[in-house]
Amino acid sequence: MIRYIVRRVLFLIPVLVGVAFCVFTLLYLTPGDPARMVLGDLATESALQEFRAKEGLDQPYLVQFGNYLYKAVFHGDIGRSYVTKRPVMSEILVAFPYTLKLAAFAMVIAILVGVPCGILSAIKQYSIFDTLTMIFAMIGLSMPVFWLGLLLIILFSVHLRWLPSSGFDTFQAMILPSVALAAQSISMVTRMTRSSMLEVIRADYIRTARSKGQKESIVIWVHALRNALIPVVTLCGLQFGHLLSGAILTESIFAIPGVGRLMVDAIKTRDYPMVQGGVLFVAVAFSIVNLLVDLLYAYIDPRIKAQYR
Amino acid sequence: MNENVEMVATTGGRKTRSQLGEVLFRLRKSPLAMFGLAVVLILIFCALFADVIAPHSYSKQNLSHMFEAPSRQYLLGTDEFGRDILSRLIYGARVSLQVGFIAVGIALFVGGLLGAVSGYYGGWIDNGIMRVMDVLLSIPQTLLAIAIVAALGPGLMNLMIAVGISAVPNYARIVRSSVLSIRGMEFIEAARAVGSPDIRIILKHILPNSMAPIIVQSTLGVASAILNAAGLSFIGLGIQPPYPEWGAMLSGGRQYIRDYPHLTLYPGLAIMITILALNFLGDGLRDALDPKLKR
């Protein structure tokens, strides 16, 4: 198992360097002179030259990337915002807890709603409940998060006046954005739980458990669910990563000061170091979540453990 | 899959048509897939003939008819500039389908090529291409599209490129796995034995026999591309006003959400129905193209 963990962690390193390279290259190729963006249009040529030399912008491309990577890894420095002039990392660290809280809250909702619905759908396959659940799951998958967010605001904030339409500081304020963000994940978790459960309840060992006279509730909730949930765990991990990036739109609708909103504002003001830092930060978080999911998967699935024994 | 492959490989054009007929026959048995197909055909019709069927201009402002509720003259009401919402939705179908199909076309071309080369040659080429795809896959698709748009700037063409490129790894993986399952088969060896060049083997023998998963992924991919593009336009990074893109229409209407919710209701509904239809069609095609579900 330790061999697997070490291998998986080592595999993450080239991936993260690759992500940093992609993000750096993409924004390196963006037209515009960073020195002029920082110093403004009135800056003299000598001031611009001095800035380029100080920041290493006059170095060859690969040297610049090397410097960027070195500073990011050893000093946690991923540049300075053109607009606020503050370090990108400190801006992101202020915003990230909002994004993380939003994604985590949405994930909890997705699991609490999706898993029971999927199980009941599988147990009562082809019933009205199953049909309705699958129709709602399909609608949930097709509904844009930004539209659902607006519909929730119209209903719960404008008409019923039950919940606030913006912010993320109180529990009430967290409900609408989290539900809007969770909708697609609820649908995916429901569908995955249902199909995984349907596969498992036809397995031989379930028939054996039933033929031993085991109570149906124990067969379903103890024997079947344990194995049926293995692929669901993987899906939840992947979904959590997508929720982190999906939060960009949700934050924009509900005026939540998270990383997504920071990035959208940065793109509009052409604050490229902030965009670069934001993409890199979320991609690294996504990769780490994927790593943790793989490790969790290996932990709960004895077949993977056996391979590395 | 293998049955499919052998059937296509050992038969001529006539049987290929009958295979298509059989797929359509199976597709017809799924009411949801037929609903999806009908909606997609209606949308394509709207996109092609928007100039004829739209009751008003999509861009003509009429400040004496701002924020009108649905009426006989304006079936879905008017927006903040007095423009007819129905006409803008009809023209919006043109934009959305264009973005969806072209973005998938870009993803399919680049991803398909990389996947085919990777799967066919194997070894270090496969390893190299797939590691790059792993890197791209570790950036969430929406985020990658946002980063590309940030670099290229907003606009229709850039939006299609961003959404297309961000989907490349998905297609590369699917095509690669299809190619891997086919490349060791006898008819490929036979083609190699008679001296067919690699490019001909890939284009004439391997890709046509890997079509089933590619068709399914492309149908679902159009839905996801439309959704991604609408999301980017919603946050102001996609198509710019006054061109009527559904996501941009939603974004424009959100500031009037308290008093005029119809400004956001209809564009959202249009996106949802389109995505739903494409998902139903994609699911239906997956079942129809799966030889294991035959009969």
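The table for this structure:
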{"item": "Segments classed as helices (runs of 4 or more DSSP H), wholly inside region B:193-295, with at least 1 members that are closer than 24 Å to B:VAL40 by Cβ, out of contact with any Pro (no Cβ under 9 Å at 6 or more places or on another chain) and within 8 Å of another protein chain (Cβ to nearest Cβ)", "result": "B:211-234, B:262-289"}
{"item": "Pick from region B:77-125, criterion aromatic (Phe, Trp, Tyr) and assigned to a helix (DSSP H, G or I), ranking: nearest to B:ALA225 (Cα to Cα)", "result": "B:PHE101"}
{"item": "Top-ranked residue in region A:133-183 [being over 22 Å from B:TYR256 (Cβ atoms), of a type in the set (Val, Ile, Thr) and part of a helix (DSSP H, G or I); ranked as farthest from the other protein chains (Cβ to nearest Cβ)]", "result": "A:ILE175"}
{"item": "A:SER178 vs. criteria surrounded by 24 or more Cβ atoms within 10 Å (Cβ to Cβ) and assigned by TED's automatic domain parsing to the domain that holds A:LEU238", "result": "yes"}
{"item": "Boolean, B:LEU41 is in a helix (DSSP H, G or I) and of a type outside the set (Gly, Ala, Ser)", "result": "yes"}
{"item": "Among residues of region A:67-103, those that are more than 23 Å from A:ARG270 (Cβ to Cβ) and either without any contact (Cβ under 8 Å) to a residue 12 or more places away in the chain or out of contact with any helix residue (DSSP H, G or I) (no Cβ under 9 Å at 6 or more places or on another chain) (or both), counted", "result": "5"}
{"item": "Filter result (under 23 Å from B:PHE280 (Cβ atoms), in contact (Cβ under 8 Å) with a residue 40 or more places away in the chain and assigned to a helix (DSSP H, G or I)) within region A:104-129", "result": "A:ALA110, A:VAL113, A:GLY114, A:CYS117, A:GLY118, A:SER121, A:ALA122"}
{"item": "Members of region A:24-51 found to be touching a helix residue (DSSP H, G or I) at 6+ places or on another chain (Cβ under 7 Å), within 13 Å of chain B (Cβ to nearest Cβ) and modelled with pLDDT of 85 or more, listed by number", "result": "A:PHE24"}
{"item": "Scan of region B:147-171 for residues that are at the interface with chain A (Cβ under 7 Å from one of its Cβ atoms) and touching a residue at least 40 places away in the same chain (Cβ under 8 Å), ordered by number", "result": "B:ALA150"}
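Conditions (1) small (Gly, Ala, Ser); (2) farther than 16 Å from A:VAL284 by Cβ, marked per residue:
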residue	(1), (2)
A:GLU55	no, yes
A:ASP58	no, yes
A:TYR61	no, yes
A:GLN64	no, yes
A:TYR68	no, no
A:ILE78	no, no
A:TYR82	no, yes
A:VAL88	no, no
A:ALA95	yes, no
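Yes/no matrix, rows are residues, columns are (1) touching a strand residue (DSSP E or B) at 6+ places or on another chain (Cβ under 8 Å); (2) among the charged types (D, E, K, R); (3) under 21 Å from B:ILE90 (Cα atoms):
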{"position": "B:VAL23", "(1), (2), (3)": "no, no, no"}
{"position": "B:ARG26", "(1), (2), (3)": "no, yes, no"}
{"position": "B:LEU32", "(1), (2), (3)": "no, no, no"}
{"position": "B:ALA38", "(1), (2), (3)": "no, no, yes"}
{"position": "B:CYS46", "(1), (2), (3)": "no, no, yes"}
{"position": "B:ASP51", "(1), (2), (3)": "no, yes, yes"}
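Yes/no matrix, rows are residues, columns are (1) of a type in the set (Ser, Thr, Tyr); (2) touching a helix residue (DSSP H, G or I) at 6+ places or on another chain (Cβ under 7 Å); (3) on the phi < 0 side of the Ramachandran plot; (4) surrounded by fewer than 23 Cβ atoms within 10 Å (Cβ to Cβ):
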position: B:PRO169; (1), (2), (3), (4): no, yes, yes, no
position: B:GLY184; (1), (2), (3), (4): no, no, yes, yes
position: B:PHE187; (1), (2), (3), (4): no, yes, yes, yes
position: B:ALA190; (1), (2), (3), (4): no, no, yes, yes
position: B:ALA193; (1), (2), (3), (4): no, no, yes, yes
position: B:LEU203; (1), (2), (3), (4): no, no, yes, yes
position: B:ASN209; (1), (2), (3), (4): no, yes, yes, no
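The values are calculated or read from the model by the stated rules, or taken from the named source; none is laboratory data. If you're wondering where the values come from, they're calculated on a predicted model, not measured in any experiment. Cβ sites come from the backbone with ideal geometry, for glycine too, and all protein chains shown count toward neighbours.
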